[in-house]
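This report refers to the structure that appears directly beneath it.
The values are calculated or read from the model by the stated rules, or taken from the named source; none is laboratory data. Treat the numbers as computed from the prediction; the structure is a model and nothing was measured. Glycine gets a Cβ as well: all are built from the backbone with ideal geometry, and neighbour counts include every protein chain shown. SASA here: full protein model, heavy atoms, side chains in, ligands and nucleic acids out. Shrake-Rupley method; radii C 1.70, N 1.55, O 1.52, S 1.80 Å.
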Amino acid sequence: MSHTFSTNPLNVNMNMVSMTTLTRPRKPNSCFSSSSTFLPHCNIQTLRFLPHRSLLRLNKNNCYKWKHSMFISTKPLLKDGTLSLNGQEAITGVPDNVFLTPLSDSSAFLGATSSQSSSRHVFKLGVIQDVRLLSLFRFKVWWMIPRVGNSGSDIPIETQMLLLEARKGPDLDKSNDSPSYIIFLPLLDGEFRSSLQGNSSNELEFCLESGDPAIVTSESIRAVFVNYGNHPFDLMKESMKILEEQTGTFSVRETKQMPGILDVFGWCTWDAFYQEVNPQGIKDGLKSLSEGGTPAKFLIIDDGWQDTTNEFQKEVEPFIDGSQFGGRLVSVEENNKFRRRSKESQADAPNDLKHFVADIKRNFGLKYVYVWHALMGYWGGLVPNARDTKKYNPKLTYPLQSPGNLANMRDLAMDCMEKYGVGAIDPDRISQFYDDLHSYLVSQDVDGVKVDVQNILETIATDLGGRVSLTRHFQEALEKSIASNFQDNSIICCMGLSTDSIYHSKRSAITRASDDYYPKNPATQTLHIAAVAFNSIFLGEVVVPDWDMFYSLHDAAEFHAIARAVGGCPVYVSDKPGEHDHKILKRLVLPDGSVLRAKYPGRPSRDCLFIDPVMDGKSLLKIWNLNKCTGVIGVFNCQGAGSWPCLDNTNQNHVSNSAEVSGQVSPADVEYFEEVSGKLWTGDCAIYSFNKGSVSRLPKEEKFGVGLQTLECDVFTVSPIKVYYQRIEFAPIGLMNMYNSGGAIESVEQCGDPSSYNGRIHIKGRGAGSFGGYSSVKPKGCSINGEEEEMKYGEEDKLVTVTIDASNNSGWDMDIWY
């Protein structure tokens, strides 16, 4: 089929162009997208009238490659070596081998071509300088952290999200005009994965790699997605929705089924026992949590329950650090600690895993029991040729990391797996393996799994079709098995912060968002909180970020606890049995074991996006979120306790760990506040400080000062003050004994004639403790579930307080009369 286009562009039949666009033939192993198009027998006059989805720039050597834009300035434009979005210059000095594919008025794909085919390319995109930027990059093969800067040289290797602040004028920090934002997201294109990086010439580059020397290409059409907007969080959300539609390989968070563990308190065995986890220890831990009034409702039995062997670590020999990563799975069943093999042996062991799970659910009221396993079964995969594993055809494979990973930080687990090898499951048998494992766990009354070591696939992809294809295959098999065997989308993904995994997450709804919680390392406590908050900007659009476990009895316990309260994440600890701070836990956990989870992934406030809250010596970290009726802001001093890895620290402005850092907080720091403010809002907010236990009134755009020392934090409930019955200005605070006090409020409404001057305000909520609310008028009385209750009112701060008994913990209806 062929089509002829007139040299007179006014005679072009645009309907025919769009309807008869031909798919360009793919070269073997080419990454050219099957949705990309070409128009034969075209001429340069036709270009200015082509649909906006056509490729831009005409390559003089190949009339099937489109290069330069002819579109109006509001659309993404690549002209004279400059990439502009909405008239804002984003990149200058763009090479001739880079091309643009517009997608909408604000977004486009960037790609590039080379004269050589290879399994790995590094393409220059052009110069970025004199602009505030935020990179999220993999500093280890498994994990991601943020970095801020103001030029291309500040963009680390393995960057997976790049956000620029576009301001007009020379003053980057204090320009009077409102900033706009440009986002770059490196993508998966065909069998290739892209990542971003900068060089010493301030040039932005993208690295394109397949992970398999046999999978080669000379070009990528959709290597990087770029988008522009005036609201950073809207921009991120809209960009991910566009990519969801364009790629079809992943789903955004809001479309996914949320596992039940998100709304209850949990306990993980890892830092309590490490690999020495045992049935009695688990019972002891559940008992001490319950007796303290903070019962765990979900349990993760972490590494140490499986049937494994380790040829690199003999029981009679001294422990070799890292040898645990050479262990391999023998079968899908539990080990001897959790199964009695004979009546004479292991007298203290349960009959089997099912017997143990039933026992702890019955005695401790657990709703969910998860167990840990690695993507390949165990750290070192499966034992080749063992009786119960040979059907999965495991092959001993030695991982090979990409140059990008090796340029950043080494990892002990990865180094040891490279040394000991991995018994990698045959991709043709992986569905069978997952189904066998998960169906067995279901038969043992296990409710879900935490699946670890997910990024291992990119290191073993040679001769298996490359990293993108292999990850897609394993991810599809894993999610299919979860859906077939478990009832609640019951999976936590872990060690999978690579775009290979993120952009293949169709169903999985929870993913660990940072490196491990290290209770013995004081230098990592602040880094942990900052890393998760920033990573959640990107990750939180695809999954609920998991902030990991923590110790409740620890110098940084409250720091972590408040972060979980504003994080909108699972809340679980890894305390040793009997070693708990129940005072802190009771500020997170209700007596029935439920938690007051905030609505969205907790993310840094807008004015924190381009600052370094860990090492600039002057900035506090603010994390915002919403509840059903209120906003919440956590404020943290992360300065002076630790340093980011992969960074030259010589020029950083360290502060001592005793120095106070001050900052400004505003109700306006809470994004999407219109979701809770409503039509009756006065424009003012009631601000409740947990640390001070005080309430103040403030207009939304006003600011107040906060000073905190290292590892200190505070959490502020921000409640819109609304007018009821023409004269009463009221705002619910919630349970003031809880970190996220406003999370206890389900709804607030006026009951009666709004035009009258008297009536009642009806509040639905849950939890027990001290309820507080701001009221401009002293109420006449209060009732809870129809029973009149004593009420206190402060004439100076206008604070109404009522005590809610624990008997009403599961839910209550409060009426305040005027």
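Quick notes on this structure:
- For Y757, solvent-accessible area (1.4 Å; no DNA, RNA or ligand), Å²: 130
- Accessible area of I687 in the full protein assembly, 1.4 Å probe (Å², nearest 10): 10
- Database remark: amide H of F99 closer than 5 angstrom to the amide H of G111, A112 (H placed geometrically; neighbours at sequence offset of 5 or more, or on other chains; Pro and chain starts carry no H).
- For region 279-334: accessible area per residue (Å², 1.4 Å): 41
- Working note: Karplus 6.51/-1.76/1.60 with θ = phi - 60° gives region 155-165 the couplings 8, x, 4, 6, 6, 10, 8, 10, 10, 10, 9 Hz, where Gly and Pro are set to x.
- Electrostatic tally near K391: other residues with Cβ closer than 14 Å to its Cβ, Lys and Arg +1, Asp and Glu -1, net -1.
- For region 439-478 versus region 175-218, the inter-centroid distance based on Cα atoms is 26 Å.
- Remark on R603: its backbone amide H falls under 5 Å from those of W624, a criterion applied only to residues 5 or more positions apart or on other chains, H modelled at 1.01 Å from N.
- What the Cα atoms of the chain give is an Rg and a Dmax of 28.4, 93 Å.
- Measuring nothing but how far apart in sequence close Cα pairs (under 8 Å, 6+ apart) lie, relative to its length, region 236-304 scores a relative contact order of 37 percent.
- CD proxy at 222 nm, helix term only [per DSSP H run n ≥ 4: -39500 (n - 2.57); per residue of the chain; nearest 500]: -5000 deg cm²/dmol
- Free of any GluC sites (Glu not before Pro) that DSSP assigns to a loop and that have at most 12 other C-beta atoms within 10 Å, the longest stretch within the chain is 345-700.
- Partners for K520 among lysines (Cα-Cα distance below 19 Å; same-chain residues under 8 apart left out): K576
- Accessible area (Å², per residue) of region 718-818, counting only protein heavy atoms and a probe of 1.4 Å: 40
- Solvent-accessible area assigned to carbon and sulfur over the chain amounts to 47 percent, based on a 1.4 Å probe.
- Pairs of Lys residues in region 228-300 are counted when their Cα atoms are under 27 angstrom apart and they lie 8 or more places apart or on different chains; the count is 5.
- Taking 16 Å as the straight-line reach from the Cα of K778, the lysines in range (excluding those fewer than 8 positions away in the same chain) are K722, K792, K798.
- Think of each Lys and Arg Cβ as +1 and each Asp and Glu Cβ as -1; about the Cα centre, that makes the dipole of the chain roughly 1940 debye.
- Too-long pairs where the Cα-Cα distance tops 24 Å, listed order kept, from K140/K480; K586/K692; K450/K764; K140/K314; K622/K700: K140/K480; K450/K764; K140/K314
- Around Q197: net Lys/Arg minus Asp/Glu count, Cβ-Cβ under 9 Å: -2
- Remark: region 807-816, residue by residue, has Karplus-estimated 3J(HN,Hα) of 5, 9, 4, 6, x, 8, 10, 10, 10, 10 Hz, where x stands for each Gly or Pro and the curve is 6.51 cos²θ - 1.76 cosθ + 1.60 at θ = phi - 60°.
- Cα-based reach from K395 at 21 Å (exclusive), listing lysines while leaving out same-chain residues under 8 positions away: K419
- Taking amide H as placed 1.01 Å from N in the peptide plane, F225 has its amide H under 5 Å from the amide H of L110, L185, L187, each at least 5 places away in sequence or on another chain.
- Accessible area (Å², per residue) of region 70-213, counting only protein heavy atoms and a probe of 1.4 Å: 34
- With θ taken as phi - 60° and the Karplus curve 6.51 cos²θ - 1.76 cosθ + 1.60 applied, the whole-hertz 3J(HN,Hα) list for region 595-604 is 10, 9, 6, 6, 6, 10, x, x, 9, x Hz, x standing for glycine and proline.
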